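Student: After the structure tokens below, expect a handful of questions from me.
Taken together, the values in this text are just the output of simple stated rules run on the coordinates, not laboratory data. Please read all numbers here as calculations on a predicted model, not as lab measurements. Reconstructed Cβ throughout: ideal geometry from the backbone, glycine too, with neighbour counts over all protein chains shown.
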Amino acid sequence: MADERKKSEDGITVKKEENFSEWYTQIISKSEFVDYTSVSGCLAFRPDGYFAWEMIQKSTNALLSDAGINNVYFPLLIPEKLLSKEKEHIKGFNPEVAWVTQTGNSKLDERLAIRPTSETIMYESYSKWIRSWRDLPMRYNQWNSVVRWEFKHPTPLLRSREFLWNEGHTAFATKEEAESERDTILNIYLSILNDYLALPGIIGKKTDSEKFAGAEASYSIEHMLPDGASIQGPDFHMDGQNFSKPFGIKFLNKEGKIDYVYQNTFAISTRELGVMLSVHGDNKGLIIPPKLARIQVVIIPIYNNDSKDPVIKSAKELSKRLSEKVRVFVDDNDAYSPGWKFHEWELKGVPIRIEIGERDIKADKVVVYRRDNSKKQDVKMADLTKEIESLLEEIHQNLYDRALKLLKSSIHEVHDYPELKKIITVTGGFAEAPWCGSFKCEEKVKNETKGKISNMPLHIQEKSKGKRCIVCGEEAKHMAYFAKSY
């Protein structure tokens with residue numbers, strides 16, 4: 001009983017709606033999704049966490065492959081001379097680069113950067129591999145980890161110093177070809193968010209001050225977290241010829257002239273796991289969307305000394321039958337009571353729990369519990385497989401619908417500057433407002449609210465016609481979402 005009392009104390013001790021930051025910190029570690037390490041800002045992914053990332057990676061990779069993008073791999077270490085070739089790029093990343101300066105007792109002749117992103121190391125090779133228009137388009141992707149060290153207070157998954165992601169790096173003969181890739185990639189990412197993580201997002205263009213270092217234009221999918229702060233999700237960057245010229249990535253075009261390629265870059269990262277956990281989780285712990293759950297169904301046998309063997313036998317037979325369609329686990333650990341197990345699997349966010357006891361076996365049914373809405377129902381043994389498959393689909397849709405409701409309720413159309421400031425500093429959420437496009441007005445909002453323009457949503461730009469900038473009153477050129485941000 002002492003162990004059971006100790007375990008029960010490991011549950012969530014704060015409420016999501018009262019202290020989001022502490023709640024989030026507790027759920028990600030107490031659920032055994034990830035764990036802290038002795039390196040600040042760098043996490044250990046436990047089986048449930050890494051399985052979820054592998055599913056994102058696998059599904060994203062399949063869609064990228066279908067789109068004609070091939071996987072490659074490049075080194076972790078980047079010579080300083082390469083990182084310095086593109087001025088805006090190194091200016092944007094220099095504060096956060098971690099450097100290797102020594103091996104053993106020997107100082108290196110040149111510092112080596114631990115990959116913050118791979119443009120510079122990859123494009124040295126692109127300049128050798130691309131010779132003529134016949135080599136184009138070159139559309140490569142790599143899966144790796146990167147390190148960025150500039151910030152003082154990391155937030156696990158949401159803002160980690162080391163994170164996992166994909167890096168897409170593509171090169172085209174013309175600007176039109178490069179630009180046409182944008183919607184393809186953003187729609188791939190949006191489908192992953194919708195179909196696997198049950199997360200909606202806002203597609204929009206980043207401002208010049210918020211775009212990727214070295215890009216001509218950046219586009220993002222923005223999320224809203226339950227604490228009223230926005231966070232950037234997957235992104236796509238049109239780099240134009242900003243990298244091809246300094247790296248000499250040129251080719252002989254169809255007219256027999258030398259030209260520079262046009263390039264794009266894009267990524268989705270393990271940050272999405274943090275968004276998923278924070279949006280879907282509740283005061284019991286995690287709620288994992290079914291497609292990303294390592295265990296989709298947990299079976300809890302309920303028995304006494306006399307019924308133990310037949311109940312466990314039935315549970316395992318049931319598991320064998322269900323395993324043809326879903327990922328299932330039987331928790332027959334004698335160390336803990338059924339009540340403690342209920343609590344533990346709810347904390348871990350397993351989508352469905354099945355309870356089976358002696359009476360259930362005699363009645364040829366089981367009790368099925370849904371993690372997303374805490375509802376129970378009796379299901380006949382004969383109908384169970386079909387019902388479980390249906391419930392998993394319902395759970396995913398319910399999670400998506402709730403997340404969409406949160407997102408929509410977080411968007412506030414504002415009509416004057418004081419109202420904008422109130423949304424950012426007090427209410428939380430996105431403040432939708434017209435903006436003139438000037439850096440001066442953008443900086444004024446940053447300085448006075450600690451917020452920023454998350455992006456300029458593509459679907460509302462027509463609304464800017466005839467509007468005045470929320471900050472200065474001049475003619476508006478864009479509609480923007482202003483918010484506090486991670």
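Student: Radius of gyration and Dmax for region 295-401's Cα atoms, expressed in Å?
Tutor: 13.1, 45
Student: Follow-up. Which entries of Lys16/Lys313; Lys85/Lys206; Lys245/Lys444; Lys16/Lys316; Lys313/Lys341 have Cα-Cα distances beyond 29 Å here? Could you put the intermediate results ahead of the total?
Tutor: Numbers: Lys16/Lys313 39 Å; Lys85/Lys206 24 Å; Lys245/Lys444 35 Å; Lys16/Lys316 36 Å; Lys313/Lys341 19 Å.
Distance filter (> 29 Å) returns Lys16/Lys313; Lys245/Lys444; Lys16/Lys316.
Student: Against the empirical 2.2 N^0.38 Å scaling, what ratio does the C-alpha Rg of region 7-280 come to? List each step's numbers first, then the result.
Tutor: Numbers: Rg = 19.9 Å, N = 274, 2.2 N^0.38 = 18.6 Å.
After normalising by residue count via 2.2 N^0.38 Å, the value is 1.07.
Student: Structure shown: which of Lys15/Lys58; Lys284/Lys408; Lys91/Lys422; Lys440/Lys467 lie over 22 Å apart, alpha-carbon to alpha-carbon?
Tutor: Details: Lys15/Lys58 34 Å; Lys284/Lys408 25 Å; Lys91/Lys422 33 Å; Lys440/Lys467 18 Å.
Result: Lys15/Lys58; Lys284/Lys408; Lys91/Lys422 exceed 22 Å.
Student: If every alpha-carbon in region 316-378 counts as one equal scatterer, what log10 I(q)/I(0) does Debye give at q = 0.14, 0.27, 0.28, 0.30 1/Å?
Tutor: Taking Cα atoms of region 316-378 as identical point scatterers yields -0.42, -1.46, -1.47, -1.45.
Student: Extent of region 411-483 along each principal axis, from alpha carbon coordinates, in Å, largest to smallest?
Tutor: If we take the Cα atoms of region 411-483, the spans are 29, 23, 18 Å.
Student: Search the structure for amide H atoms under 5 Å from the amide H of Ile411, placed 1.01 Å from N in the peptide plane, and list their residues when 5 or more places away or on another chain.
Tutor: It is Phe430, by chain and number.
Student: Also, I was wondering about something else. Enumerate the whole-percent occupancy of each 10 Å bin, from 0 to the last occupied one, for all C-alpha pair distances of region 115-271.
Tutor: 10, 37, 34, 14, 4, 0
Student: While we're looking at this one, here's another question. Express the Stokes-Einstein translational diffusion coefficient of region 130-209 in µm² s⁻¹, to the nearest whole number, given a Kirkwood radius over alpha-carbon pairs, 4 °C and a viscosity of 1.567 mPa s. Intermediate results must be reported in sequence, preceding the final value.
Tutor: Details: Rh = 15.7 Å.
In µm²/s, the coefficient is 82.
Student: A further question on this structure: In cubic angstrom, how much convex hull volume per residue do the alpha carbon atoms of region 352-485 span?
Tutor: Numbers: hull volume 16.7 nm³, N = 134.
Expressed per residue, the convex hull around the Cα atoms of region 352-485 is 124 Å³.
Student: Dividing the alpha-carbon radius of gyration of region 12-53 by 2.2 N^0.38 Å (N being the number of residues), what value is obtained? The partial results should precede the final answer.
Tutor: On the way: Rg = 11.3 Å, N = 42, 2.2 N^0.38 = 9.1 Å.
With N residues counted in region 12-53, Rg over 2.2 N^0.38 Å equals 1.24.
Student: Sticking with this one: Could you put Trp53, Trp143 in order, starting from the residue whose Cβ has the fewest other Cβ atoms within 10 Å?
Tutor: Working: Trp53 19, Trp143 14.
In order of increasing Cβ crowding within 10 Å: Trp143, Trp53.
Student: Quick one: order Asp334, Asp383 by neighbouring beta-carbon count within 10 Å, fewest to most. Could the numbers behind the result be given before it?
Tutor: Values: Asp334 8, Asp383 11.
Arranged by neighbour count, lowest to highest, Asp334, Asp383 become Asp334, Asp383.
Student: In a shell of Cβ-Cβ distance under 15 Å around Val471, excluding Val471 itself, what net charge do Lys and Arg (+1) and Asp and Glu (-1) give?
Tutor: Numbers: positive: Lys421, Lys422, Lys440, Lys444, Lys446, Lys452, Lys467, Arg468, Lys477; negative: Asp416, Glu419, Glu432, Glu442, Glu443, Glu448, Glu474, Glu475.
Summing Lys/Arg as +1 and Asp/Glu as -1 gives +1.
Student: Tell me whether region 194-287 comes out rounded, prolate or oblate; compute the Cα gyration tensor, take square roots of the eigenvalues as a ≥ b ≥ c, and use a/c under 1.5 as the rounded threshold. Intermediate values should be presented prior to the final figure.
Tutor: On the way: a/c = 3.94, a/b = 2.91, b/c = 1.35.
Because a/c hits 1.5 or more and a/b exceeds b/c, region 194-287 counts as prolate.
Student: If you don't mind, another one. Calculate the translational D of region 216-259 in whole µm² s⁻¹ from Stokes-Einstein, where the hydrodynamic radius comes from the Kirkwood formula applied to all Cα pairs, the temperature is 25 °C and the viscosity 0.890 mPa s. Don't jump to the answer; show the numbers that get you there.
Tutor: Details: Rh = 13.5 Å.
Answer from the Stokes-Einstein relation: 182 µm²/s.
Student: Among 30-42, 351-363, how do they line up from the highest to the lowest mean number of other beta-carbon atoms within 10 Å? Can you show the working numbers first?
Tutor: Values: 30-42: 16.0, 351-363: 18.5.
With the highest mean Cβ count within 10 Å placed first, the list reads 351-363, 30-42.
Student: Mind giving me the nanometre distance, one decimal, between the label points for Lys467 and Asn71, set 7 Å out from Cα along Cα→Cβ?
Tutor: 4.2 nm
Student: Separate question: Sort 187-193, 294-300 by the packing proxy (mean of other Cβ within 10 Å over each peptide's residues), most packed first. It would help to have the intermediate numbers written out before the result.
Tutor: Working: 187-193: 19.6, 294-300: 22.6.
Packing order, densest peptide first, comes out as 294-300, 187-193.
Student: Kindly state, to the nearest 0.05, the FRET efficiency for Asp364 paired with Thr25, given R0 = 30 Å and r defined as their beta-carbon distance. Intermediate results must be reported in sequence, preceding the final value.
Tutor: Details: r = 45 Å, r/R0 = 1.49.
Efficiency, from the Cβ-Cβ distance: 0.10.
Student: Given just the C-alpha atoms of the chain, how large is their convex hull per residue in cubic angstrom? Working shown, then result.
Tutor: Working: hull volume 86.9 nm³, N = 486.
Value for the chain: 179 Å³ per residue.
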